[in-house]
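The values are calculated or read from the model by the stated rules, or taken from the named source; none is laboratory data. Computed from a prediction, not measured in an experiment: that's the story for all the values here. Glycine gets a Cβ as well: all are built from the backbone with ideal geometry, and neighbour counts include every protein chain shown.
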Amino acid sequence: MVYLTGYGFPLFRGGPMNYADTVGLFNVVQAMKRFAKNPNDDAKFWEPAPLLAKLAAEGKTFS
């Protein structure tokens, strides 16, 4: 709810987890790995959470 009402995440996207399911968890993890390679960013910040990495590796979704 915080992302939808507090941070202004677009309601039509259903929240960040629904959006991640829509674009594919594998794609989300790949983007995070790409962001982690940026020398001006904190690579540790972009490390996928264990559940996200597991679901992406197994080709599953949050829902």
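Return a yes/no flag: does the range 21-31 have any residue that is surrounded by 14 or more Cβ atoms within 10 Å (Cβ to Cβ) and hydroxyl-bearing (Ser, Thr, Tyr).
No; the residues of the range 21-31 include none that is surrounded by 14 or more Cβ atoms within 10 Å (Cβ to Cβ) and hydroxyl-bearing (Ser, Thr, Tyr).
Read through the list (1) assigned to a helix (DSSP H, G or I); (2) touching a helix residue (DSSP H, G or I) at 6+ places or on another chain (Cβ under 7 Å), then give the number of the only condition that Pro48 fails.
(1)
I'm trying to understand the selection: among the residues of the range 1-33, which are modelled with pLDDT of 90 or more and outside any helix (DSSP H, G or I)? First the steps, then the outcome.
So the first thing to find is which residues in the range 1-33 are modelled with pLDDT of 90 or more, and the list is 20-33.
Within the range 1-33, just Gly24 meets the criteria.
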